[in-house]
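First up is the structure itself, then whatever we jot down about it.
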Amino acid sequence: MTPEKITRPQFPKNFIWGVATSSFQIEGAHDADGKGPSVWDSFCEINGKIADGSNGHVACEHYLRWQEDVDLIAGLGVNAYRFSISWPRVQPDGQGDWNEAGFAFYDRLINALKAKGIEVHLTLNHWDLPQALQDQGGWAKREVCEHFTRYATEVARRFGSRLDSICTHNEPWVIAILGYEQGIFAPGIKSRAQAMAAVHHLLLSHGMALQAMRGLGLKTAMGIVLNLSPIYPASDDPKDIAKAKLDDGLILRHYMDALMFGKYPTDVIEHLGADAPPVVSGDMATIAQPLDFVGVNYYTRNFSSSGNPWDVASTGNLVTDMGWEVYPQGLTELLCRLHQDYQPRLLLVTENGAAFKDQLVDGVVNDTARLDYVRDHIAATHAALQQGVPVGAYFAWSLMDNFEWASGYAKRFGLVHVDFETQKRTLKNSALWYQKFLSEK
Ligand code: FCB
């Protein structure tokens with residue numbers, strides 16, 4: 001099937017169509033109504049860490065404009081919305097008292113979505129850890145697992161019956177590796193040992209939280225979201241092939257093997273040597289809780305080379321404003337591979353999208369490249385379904401332009417354009433296409 005021909009009715013009737021955001025990237029109101037600082041609030045204050053020197057103080061002002069944004073979401077015709085709770089908004093120091101004003105915000109948001117018939121897919125941790133917990137070592141310290149479990153249980157107790165799914169963590173690899181090993185994301189640490197401890201505690205706290213939340217007797221689907229770029233060797237050279245296998249272990253098998261089989265891959269553990277994760281007896285069984293779904297965030301593929309750095313231009317494919325190759329087949333291949341190697345009950349495409357340099361001219365953003373990207377990845381999702389892979393959702397990243405982490409506001413991923421001076425939202429042509437696609441019966 002050519003991607004141009006993809007239509008909604010080719011998908012199962014109960015397929016979930018959504019848009020996604022995260023708290024820090026859109027909410028703003030960084031210290032309103034008792035919210036505590038998160039690691040990203042602190043990280044933005046360090047000179048040179050954010051490309052445009054910006055921060056999350058205002059972002060998309062979603063904390064104030066949430067009603068308008070719910071209308072925007074409903075207007076697109078999606079049947080689901082994926083967003084995250086800011087932990088320090090509901091528990092300013094991550095371990096003490098609850099902040100009722102913070103919970104009230106999400107309570108209103110959830111009710112408004114439900115009133116419009118929109119499914120609510122909630123993420124507990126999309127990176128904005130309370131700074132007070134980072135002061136105690138953050139994800140690198142085992143104690144954080146208890147704090148996270150308590151927070152997760154409180155959210156589930158209050159909101160669980162109104163939620164269509166709960167995701168514990170968004171992209172543990174990014175939190176741990178970019179945040180604790182490479183230091184380019186919050187909290188800006190450069191230590192492989194701390195990074196691998198962080199991975200372990202993210203996975204462990206995921207398992208602990210799932211056990212605790214399920215203990216409440218909820219029917220809500222529960223799972224985790226991973227960034228799973230498929231890795232290809234840069235050439236047929238056996239050294240490149242070996243490097244690609246190891247890199248695949250570090251980014252995919254380390255997480256999937258732990259979650260699905262309750263063990264870390266031996267080759268990865270050997271490679272890590274003294275930096276291997278601090279596993280305590282019983283941890284792996286806790287991590288491997290049954291999952292209702294695995295969420296997949298897919299943007300591009302990666303190449304591994306043992307020698308010369310690999311050049312994305314050599315593929316000849318279009319490259320986004322992030323420098324990421326556009327490669328929709330990679331999504332089909334990834335979903336098929338996950339199904340074949342791990343048989344998760346259900347896969348959800350929880351993020352997929354692209355940044356391009358947009359131009360707003362006379363109220364129109366003619367973002368053809370993004371429109372093609374979204375359409376071709378929807379078709380790639382369909383191709384996996386046709387091969388028997390249980391895929392249940394597609395969430396476009398993102399509802400609207402927002403704070404793109406270390407890139408600040410310079411990289412625009414939205415289907416909806418945001419003018420950050422006036423906060424005016426304008427549907428880009430990609431949004432209009434998605435709206436039309438969704439209206440097909
Ligand atoms: C993912 C993040 C999301 C967004 C996209 C572009 O890694 O989960 O918040 O920044 O990348």
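The values are calculated or read from the model by the stated rules, or taken from the named source; none is laboratory data. In this text, all values refer to a predicted model and were calculated from it rather than measured experimentally. Note: ideal-geometry Cβ built from the backbone for every residue, glycine included; neighbour counts use all protein chains shown. Ligands, DNA and RNA are excluded from the accessible area calculation, which covers all protein heavy atoms including side chains. Shrake-Rupley method; radii C 1.70, N 1.55, O 1.52, S 1.80 Å.
Looking at 251, 224, 184, just one residue is within 16 Å of the ligand (Cβ to nearest atom) and farther than 28 Å from residue 333 by Cα, and that residue is 184.
Where in the range 323-420 are there strands (runs of 3 or more DSSP E), lying wholly inside it, with at least 3 residues that are within 16 Å of the chain's Cα centre (by Cα), within 16 Å of the ligand (Cβ to nearest atom) and under 22 Å from residue 82 (Cβ atoms)?
Values: elements: 347-351, 391-397, 416-419.
Filter on the range 323-420 gives 347-351, 391-397.
Could you say whether any residue in the range 249-265 is open to solvent by less than 50 Å² (accessible area, probe 1.4 Å), under 18 Å from the mean Cα position of the chain (by Cα) and within 19 Å of residue 393 (Cβ to Cβ)? Scanning the range 249-265 turns up at least one residue that is open to solvent by less than 50 Å² (accessible area, probe 1.4 Å), under 18 Å from the mean Cα position of the chain (by Cα) and within 19 Å of residue 393 (Cβ to Cβ).
Restricting the range 343-387 to residues that are in contact with a strand residue (DSSP E or B) (Cβ under 7 Å, 6 or more places away or on another chain) and among the charged types (D, E, K, R), the residue that is most open to solvent (accessible area, probe 1.4 Å) is 345.
Go through the range 139-149 and report how many residues are touching a residue at least 60 places away in the same chain (Cβ under 8 Å) and within 24 Å of residue 295 (Cα to Cα). Residues that pass the stated criteria total 7. Of the residues in the range 45-52, at least one is among the small types (Gly, Ala, Ser) and within 14 Å of the ligand (Cβ to nearest atom). Taking first residues from the range 157-175 that are over 13 Å from residue 219 (Cβ atoms) and partners that are away from the ligand (no atom under 16 Å from the Cβ) and of a type in the set (Lys, Arg), no Cβ contact under 8 Å between residues at least 6 apart in sequence or on separate chains turns up. Taking the conditions exactly as written (touching a residue at least 60 places away in the same chain (Cβ under 8 Å) and surrounded by fewer than 19 Cβ atoms within 10 Å (Cβ to Cβ)), does residue 221 satisfy them or not? Yes; evaluated as a whole, the condition is true for this residue.
Considered as a group, the residues in the range 159-195 that are among the aliphatic types (A, V, I, L, M) and open to solvent by 20 Å² or more (accessible area, probe 1.4 Å) include one that is farthest from residue 275 (Cα to Cα), and that residue is 184. From the list 194, 211, the one residue that fits, being more than 25 Å from residue 393 (Cβ to Cβ) and away from the ligand (no atom under 16 Å from the Cβ), is 194. Looking across 355, 393, 379, one residue alone is touching a residue at least 12 places away in the same chain (Cβ under 8 Å) and touching a Ser or Thr at 6+ places or on another chain (Cβ under 6 Å). It is 355.
When only residues in the range 1-44 that are among the aliphatic types (A, V, I, L, M), part of a loop (DSSP other than H, G, I, E, B) and within 20 Å of residue 328 (Cβ to Cβ) count, which is most open to solvent (accessible area, probe 1.4 Å)?
Looking at residues that are among the aliphatic types (A, V, I, L, M), part of a loop (DSSP other than H, G, I, E, B) and within 20 Å of residue 328 (Cβ to Cβ), I get 1.
Counting just the residues of the range 295-322 that are part of a loop (DSSP other than H, G, I, E, B) and within 16 Å of the ligand (Cβ to nearest atom), which one comes out nearest to residue 390 (Cα to Cα)? The extreme case among them is 298. The residues listed here are 297, 302; of these, the one that is closer than 30 Å to residue 316 by Cβ, open to solvent by less than 30 Å² (accessible area, probe 1.4 Å) and within 25 Å of the chain's Cα centre (by Cα) is 297. Scanning the range 98-115 for residues that are open to solvent by 60 Å² or more (accessible area, probe 1.4 Å) and under 24 Å from the mean Cα position of the chain (by Cα) returns 108, 111, 114.
Considering the range 262-284, the residues that are touching a residue at least 40 places away in the same chain (Cβ under 8 Å) and part of a helix (DSSP H, G or I) include one that is farthest from the ligand (Cβ to nearest atom), namely 274.
Selection of first residues in the range 4-33 that are in contact (Cβ under 8 Å) with a residue 60 or more places away in the chain and of second residues that are part of a helix (DSSP H, G or I) and within 16 Å of the ligand (Cβ to nearest atom), restricted to Cβ pairs under 7 Å at least 6 apart or on distinct chains, gives the following pairs, ordered by first then second residue: 24/40; 26/62; 27/62.
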